1. Can you pull out every residue in the stretch 54-95 that is closer than 24 Å to Ile34 by Cα and of a type in the set (Asp, Glu)?
2. Those residues that are under 18 Å from Val108 (Cα atoms) and loosely packed, with under 13 Cβ neighbours inside 10 Å, I need them from the stretch 18-35; list them, please.
3. Within the set of pairs 6+ apart or on separate chains, which have a first residue in the stretch 44-56 that is at negative phi, a second that is in a loop (DSSP other than H, G, I, E, B) and not β-branched (Val, Ile, Thr), and C-beta atoms under 8 Å apart?
4. Looking only at the stretch 57-88, how many residues end up being within 10 Å of the chain's Cα centre (by Cα) and free of Cβ contacts under 8 Å to residues at least 24 places away in the same chain?
Amino acid sequence: MEHDKCEEYYLEEDISVHIFTASAAMVGVCLTVIGLVRVFITIKGVNTLADDILSAASLVFLTSCSLSYWALRTRKRRRMHKIERLADGAFIFGLILMVSVCGILTYVLETV
């Protein structure tokens with residue numbers, strides 16, 4: 001029984017590590033795409049909300065990264081669960097923002 005609890009704890013810690021690394025990488029992806037969108041806006045002279053939404057998404061991913069780091073550093077299991085759920089929710093919300101940017105960019109590219 002104790003082995004199962006120990007294994008469950010490591011599994012949960014593993015989830016926080018994955019959220020931490022993926023959200024940190026997504027911050028970099030958002031910043032790179034913001035630069036590419038700004039180049040596109042400069043060349044084509046088209047204005048779009050995509051870069052603004054991407055900047056919000058990068059802040060959401062940064063929040064997710066910070067929360068997952070906090071979950072990794074906390075010692076209380078109950079607190080870790082709550083913080084981990086918040087980090088997971090922020091990560092999913094950031095992904096939704098990224099998908100909406102993909103839709104906006106697709107629409108803008110078709111109309112240009």
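1. Selection gives Asp88 alone.
2. Gly35
3. none
4. 1
Any read-out appearing in this document is the output of simple, stated calculations on the displayed coordinates, not a laboratory observation. Because the structure is predicted, anything quoted here is derived from the model rather than measured. Every residue, glycine as well, gets a Cβ built from its backbone with ideal geometry; the counts of neighbours run over all protein chains shown.
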